[in-house]
Ligand code: FES
């Protein structure tokens, strides 16, 4: 979808902060993703127009970063680490259990990721880039269900804070 009027104002203000317009491609992709829940082809074309880039250049940037989703992913992106420390601490089993439980849930997108730099909390996952760990399959699904029931306030799927306060227990040190 194209930017809303309010987001178009934000996009133009963002572009104005950079000496070269094309440097604003990442924040504009985040803005589009926050608006629609994913980066639509229409948004990429609009961004290309705003930045005087070819649509393929915007697509190339968007497809390089896994945090940009080019298809709908629902409201919660659950990123489960299976890298070395999490691997030995049960990350693959955590991933399998969450894929099984939420595989047909349109609100929850479970993905496998490389080390997310929270090895001391292994096995760890992020929900919309908010860290949780160490977890068992049961404690992970309890947390995800709390988000689903509105008992925790998720960030946007780009990880931007929402206006509502975050649950203090949602962040691990
Ligand atoms: S190995 Fe999982 S957070 Fe580092």
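The values are calculated or read from the model by the stated rules, or taken from the named source; none is laboratory data. Just so we're clear, the structure is a prediction, and the values are computed from it rather than from any experiment. Because the Cβ atoms are built from the backbone with ideal geometry, glycine has one as well, and the counts that use them run over all protein chains shown.
Take residue 108 and decide whether it is surrounded by 20 or more Cβ atoms within 10 Å (Cβ to Cβ) and either within 16 Å of the ligand (Cβ to nearest atom) or free of Cβ contacts under 8 Å to residues at least 24 places away in the same chain (or both). Spelling it out, it is not the case that residue 108 is surrounded by 20 or more Cβ atoms within 10 Å (Cβ to Cβ) and either within 16 Å of the ligand (Cβ to nearest atom) or free of Cβ contacts under 8 Å to residues at least 24 places away in the same chain (or both).
Before we move on, is residue 1 more than 30 Å from residue 133 (Cβ to Cβ) and modelled with pLDDT under 95?
Numbers: more than 30 Å from residue 133 (Cβ to Cβ): yes; modelled with pLDDT under 95: yes.
Against the criterion (more than 30 Å from residue 133 (Cβ to Cβ) and modelled with pLDDT under 95), residue 1 qualifies.
Note on the stretch 115-147: residues that are over 19 Å from residue 73 (Cα atoms) and part of a loop (DSSP other than H, G, I, E, B) amount to 11.
Residue-by-condition table, conditions (1) closer than 20 Å to residue 161 by Cα; (2) within 16 Å of the ligand (Cβ to nearest atom); (3) at pLDDT below 95:
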{"residue": "14", "(1), (2), (3)": "yes, no, no"}
{"residue": "45", "(1), (2), (3)": "no, no, no"}
{"residue": "58", "(1), (2), (3)": "no, no, no"}
{"residue": "75", "(1), (2), (3)": "yes, no, yes"}
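Here is a yes/no grid of residues against (1) part of a helix (DSSP H, G or I); (2) in the same structural domain as residue 148 (by TED's automatic domain parsing):
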position: 26; (1), (2): yes, no
position: 59; (1), (2): yes, no
position: 71; (1), (2): no, no
position: 86; (1), (2): yes, yes
position: 96; (1), (2): yes, yes
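Restricting the stretch 122-142 to residues that are crowded, with 20+ Cβ neighbours inside 10 Å and within 11 Å of the ligand (Cβ to nearest atom), the residue that is farthest from residue 90 (Cα to Cα) is 126. With respect to the conditions (1) within 16 Å of the ligand (Cβ to nearest atom); (2) closer than 23 Å to residue 159 by Cβ, residue 84 falls short on a single one, namely (2).
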